[in-house]
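What follows is a short report on a single structure.
What follows draws every value from the coordinates through simple rules; no lab data is involved. Bear in mind that the values here come from a model prediction, so they are computed numbers and not experimental data. Every residue, glycine as well, gets a Cβ built from its backbone with ideal geometry; the counts of neighbours run over all protein chains shown.
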Amino acid sequence: MEIITAVKGFKDILPEETEKWRFVENVAREVFSRFGFREIRLPVLEKTDLFKRGIGESTDIVEKEMYTFLDRGDEYLTLRPEATASVIRAYLEHSLHNAQAVTRLFTIGPMFRRERPQKGRFRQFHQIDAELLGLDDPRADAEIILMLMHFLDRVGLKRVSLELNSLGCSSCRPAFRNVITEFLQGKEAGLCDDCKRRLGTNPLRVFDCKSKECQEIIRGAPHLGDFLCGDCREHFGKVTSALEEFAIPYTVNPGMVRGLDYYTKTTFEVTTEHLGSQNAVVGGGRYDRLVQELGGPDIPGIGFAVGFERLLALLEVPESASERPPDIFLASLGEQARNLAFTLCNQWRLKGIYAEQEFSSKSLKSQMKKAGRLNCSYTLILGDREIEERKVELRDMKTGTQQTVSLDDLDQHILNLIKER
Ligand code: HAM
């Protein structure tokens, strides 16, 4: 019979990899908590309207990539394609804004987008997401970027670029939309079908289109940066000078519009040359209208999401992430000995020792081979005859020396020995 495999684009994370995952998660938790962020855990399933309203109907994510289904004929539900909309949904649902004027939250977990799988792109992937709500101060933008860059440095990520842009606000962006619409007039024929359709609804999306032809056309377009209002220009200037104060290098990328519609003012991406076409490891930005658009009060916000798999693909495995060998292996010969091995092994585990035992009736030679392969510190040799004589053999695997220990003292002897290591 054929085995059933995982769904295309959905990946197992095997035991060899999970230590690396935990290492990154632990650094995130430690660094983020120092900046006042607290963890929130959210459901992976949300009402579809949350993402339609939050991310924007004319984005690739909402138009083509969401896993949406009618739940038993009742309502449309979606596996979350990102975390920001869910964080804000929870923030509003539990009135977190009433408790504190400024709220800092982070969450780690799987996201789902039905994209074409390729290197660095999956249909289930994971994000480390941080959101800062309640501050429109440009120093908040710099602070969250500082935290992000510190985190990337702490996990050991080297050679990345921070790209910045400003997407303006509700007073300067509509004027820029008109400029782009005018620029694209007469060039419609060269655009892909998606962009043709979006011309009337959301012409800025052309900047984010993956088609080569659209990229070629939009390359010559005017930049939003030249159309920013005084307030947005000043805001961006303060963000960049605060980054300079902390010696964080950045480049301004005027063509970066990001793939989600909620952004205002500062947006940013961390990119690398080592991931092929999927070069963004982190994406983020300010979203001063999103809380209101999701039915809440007028509260500004800014955040980012790190792509977990892409980050891991760039990291060297830290030494501590290698597998831990057992403290002791219990080799046994005969049924009575195997019973005793079973009892001792599990008793020691309950006392904090990493013990392994042999369940099968293999020869002593093959059990000793296994002990060597496991790279354990000690091997205990139990045979029915030894049990009758109430003494067993304990071999130190590092030195190769062996000693006889009385069964009555064994427990204490092992505990002392392994505690001392
Ligand atoms: P995003 O740019 O769509 O932003 O995603 C953030 C990161 O998630 C990307 O830079 C990438 O590393 C990773 N990512 C996205 N799609 C995939 C995929 N199919 N396979 C593997 N990794 C992927 C957001 O999601 C925003 N919610 C970020 C944000 C938070 N903005 C404000 N707050």
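Before moving on, here are some points about what is shown:
- Cα-based reach from Lys265 at 12 Å (exclusive), listing aspartates and glutamates while leaving out same-chain residues under 8 positions away: Asp136, Asp137, Asp141, Asp231, Glu234, Asp288
- Cβ-Cβ FRET estimate between Gln402 and Tyr354, R0 fixed at 25 Å, reported to 0.05: 0.75
- For the chain, taking a cut-off of 4.7 Å between Cβ atoms, the unpaired cysteines are Cys169, Cys192, Cys195, Cys232, Cys345, Cys376.
- Helix-only CD estimate at 222 nm, as mean residue ellipticity for the chain, using -39500 (n - 2.57) per DSSP H run (n ≥ 4): -11500 deg cm²/dmol
- In straight-distance terms, cross-link reach from Lys365 covers every one of the lysines whose alpha-carbon lies under 26 Å from its own, apart from those fewer than eight places away in the same chain; here that gives Lys391, Lys398.
- Neighbour cut-off at most 14 other Cβ (10 Å), DSSP loop, trypsin sites (Lys or Arg not before Pro), the range 98-192: Lys119, Lys158, Arg159
- Per-peptide average of other Cβ atoms within 10 Å, ordering 274-281, 6-13 highest first: 274-281, 6-13
- For the chain, DSSP calls about 80 percent of its internal beta bridges antiparallel.
- Judged by the mean number of other Cβ atoms found within 10 Å, the most tightly packed of the peptides 242-249, 77-84 leads the ranking 77-84, 242-249.
- In summary, the aspartates and glutamates within cross-link reach of Lys8, defined as a Cα separation below 15 angstrom excluding same-chain residues under 8 places away, comprise Glu65, Glu115.
- Trypsin sites (Lys or Arg not before Pro) restricted to DSSP loop in the range 390-420 with at most 14 other C-beta within 10 Å: Arg390, Lys398
- Sorted by Cβ density within 10 Å, fewest first, the residues Phe112, Phe359: Phe359, Phe112
- Per-peptide average of other Cβ atoms within 10 Å, ordering 328-334, 256-262 highest first: 328-334, 256-262
- Entries in Lys11/Lys64; Lys20/Lys210; Lys187/Lys210 that, when Cα-Cα distance is taken, lie over 23 Å: Lys20/Lys210
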